[in-house]
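**Q** This is the structure I want to talk about, given as structure tokens.
The values are calculated or read from the model by the stated rules, or taken from the named source; none is laboratory data. Remember, predicted model here, so these are calculated numbers, not experimental data. Please note: Cβ atoms are built from the backbone with ideal geometry, for glycine as well, and neighbour counts cover all protein chains shown.
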Amino acid sequence: MTQLQSTAIPPKPRLKINEIFYSIQGESSWQGVPCIFIRLTGCNLRCNWCDTTYSFYEGYWSSIETIMEKVKEYPTDIVEITGGEPLLQPDVYTLMDTLISENYTVLLETSGSIDISKVDKRVIKIVDIKTPSSGEADKNLWHNIQILQKHDEVKFVIGSYVDFKWSLKVLEYYNLIDKHNVLFSPVWGKIEPKELAKWILESGIRVRLQLQLHKILWGEKRGV
């Protein structure tokens, strides 16, 4: 009598979701356009000025199919996957591939502390290089800079003049200005935007001053 051997069925991909919402893109060179945000739960960093600490633990599990059903409720083809740190969840790659196959433009906001080499080249990566005031500058994975493509962007959140000068050194060392859109953003409530604008003008460096448009429009609220 032949003994039947059971074949294990792999589990369906699923992600822990903090929130999914539709808003105006508040950051990056995509600022101002309608965008769907998929915020994933979990982060491996604890930046001093983090404004999404609620994403560290809060969330619910959802299948890729259910996420896509929610995404399709909104009238735009631009989606940003953010966190926390979205690359901590292995099934995020399946989500990005699925969105691309459905003809969405996919933006990925990542801390720069995790290898981005497995991210589909069609995804627009917005990589945050942690400055000294974040308390997490030692977590920057510098190898990621070599992986970036022309359409990818690099962001520095500036919390002090020390951060600003440090960032200029990074730009020069990696020759980032000639390769990518570079974003300088003031820490909300700590540095006046006009102060950072003054430093940029004095340096003459070709970076984009980035303000958090969603906070200007709606204040520090979730789901906007």
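**Q** Return a yes/no flag: does the stretch 206-224 have any residue that is farther than 17 Å from ILE126 by Cβ and in contact with a Pro (Cβ under 7 Å, 6 or more places away or on another chain).
**A** No: zero hits.
**Q** If I go through the stretch 45-62 residue by residue, how many of them are touching a Leu at 6+ places or on another chain (Cβ under 8 Å) and either modelled with pLDDT of 95 or more or charged (D, E, K, R) (or both)?
**A** Looking only at the stretch 45-62, we keep the residues that are touching a Leu at 6+ places or on another chain (Cβ under 8 Å), and these are 55, 59, 61-62.
Within this subset, residues satisfying the condition of being either modelled with pLDDT of 95 or more or charged (D, E, K, R) (or both) are 59, 61-62.
Qualifying residue count, the stretch 45-62: 3.
**Q** It is to be established whether one or more residues within the stretch 112-128 are acidic (Asp, Glu) and either more than 22 Å from GLY223 (Cβ to Cβ) or more than 15 Å from the chain's Cα centre (by Cα) (or both). Quick ask: steps written out before the conclusion?
**A** Initial filter on the stretch 112-128 (acidic (Asp, Glu)): 115, 120, 128.
Narrowing further to those that are either more than 22 Å from GLY223 (Cβ to Cβ) or more than 15 Å from the chain's Cα centre (by Cα) (or both): 115, 120.
Checked against the condition, which is being acidic (Asp, Glu) and either more than 22 Å from GLY223 (Cβ to Cβ) or more than 15 Å from the chain's Cα centre (by Cα) (or both), the stretch 112-128 yields at least one hit.
**Q** Cβ-Cβ below 6 Å, separation at least six or inter-chain, first residue in the stretch 25-53 and crowded, with 20+ Cβ neighbours inside 10 Å, second of a type in the set (A, V, I, L, M) and in a loop (DSSP other than H, G, I, E, B): which pairs?
**A** That search, which allows pairs on different chains as well, returns GLN25/VAL33.
**Q** Within the bounds of the stretch 3-20, is there any residue that is modelled with pLDDT of 95 or more, more than 20 Å from TRP218 (Cβ to Cβ), in a loop (DSSP other than H, G, I, E, B) and of a type in the set (D, E, K, R)? Lay out the reasoning, then the answer.
**A** Residues of the stretch 3-20 that are modelled with pLDDT of 95 or more, as a first pass: 15-20.
Pick out the ones that are also more than 20 Å from TRP218 (Cβ to Cβ) and you get 15-17.
Imposing the further condition that a residue be in a loop (DSSP other than H, G, I, E, B) reduces the set to none.
Taking every residue of the stretch 3-20 in turn, none turns out to be modelled with pLDDT of 95 or more, more than 20 Å from TRP218 (Cβ to Cβ), in a loop (DSSP other than H, G, I, E, B) and of a type in the set (D, E, K, R).
**Q** So, in the stretch 153-172, of the ones that are buried (at least 22 other Cβ atoms within 10 Å of the Cβ) and among the acidic types (Asp, Glu), which residue ends up nearest to LEU201 (Cα to Cα)?
**A** So, considering only residues that are buried (at least 22 other Cβ atoms within 10 Å of the Cβ) and among the acidic types (Asp, Glu), the one nearest to LEU201 (Cα to Cα) is ASP163.
**Q** Scanning the stretch 67-83 for residues that are farther than 11 Å from LEU95 by Cβ and surrounded by 12 or more Cβ atoms within 10 Å (Cβ to Cβ), which turns out modelled with the lowest pLDDT? Step through it out loud before you land on a result.
**A** Initial filter on the stretch 67-83 (farther than 11 Å from LEU95 by Cβ): 69-70, 72-78, 80, 82-83.
Restricting the remaining residues to those that are surrounded by 12 or more Cβ atoms within 10 Å (Cβ to Cβ) gives 70, 74, 76-78, 80, 82-83.
Details: LYS70: 98, TYR74: 98, THR76: 98, ASP77: 97, ILE78: 98, GLU80: 98, THR82: 97, GLY83: 94.
Selected residue: GLY83.
**Q** Oh, and also: For GLU192, are the conditions met, namely being in contact (Cβ under 8 Å) with a residue 24 or more places away in the chain, of a type in the set (Asp, Glu), closer than 27 Å to VAL33 by Cβ and surrounded by fewer than 21 Cβ atoms within 10 Å (Cβ to Cβ)? Quick ask: steps written out before the conclusion?
**A** On the way: in contact (Cβ under 8 Å) with a residue 24 or more places away in the chain: no; of a type in the set (Asp, Glu): yes; closer than 27 Å to VAL33 by Cβ: yes; surrounded by fewer than 21 Cβ atoms within 10 Å (Cβ to Cβ): yes.
When the stated conditions are applied, GLU192 does not pass them.
**Q** Continuing with this model, one more query. Are any residues in the stretch 173-189 aromatic (Phe, Trp, Tyr), surrounded by 14 or more Cβ atoms within 10 Å (Cβ to Cβ) and over 18 Å from GLU109 (Cβ atoms), and if so, which ones? Break it down stepwise before answering.
**A** As a first pass, look at the stretch 173-189 and keep what is aromatic (Phe, Trp, Tyr): 173-174, 184, 188.
Restricting the remaining residues to those that are surrounded by 14 or more Cβ atoms within 10 Å (Cβ to Cβ) gives 174, 184, 188.
Matches in the stretch 173-189: TYR174 only.
**Q** Which residues, taken from the stretch 54-72, are under 15 Å from ASN103 (Cα atoms) and in contact (Cβ under 8 Å) with a residue 40 or more places away in the chain? Can you show your working first?
**A** Kept after step one, since they are under 15 Å from ASN103 (Cα atoms), are these residues of the stretch 54-72: 68-69, 71-72.
Once the filter is applied, which keeps residues that are under 15 Å from ASN103 (Cα atoms) and in contact (Cβ under 8 Å) with a residue 40 or more places away in the chain, the stretch 54-72 yields only VAL71.
**Q** Return a yes/no flag: does the stretch 162-180 have any residue that is in a strand (DSSP E or B), within 26 Å of LEU213 (Cβ to Cβ) and of a type outside the set (Val, Ile, Thr).
**A** no
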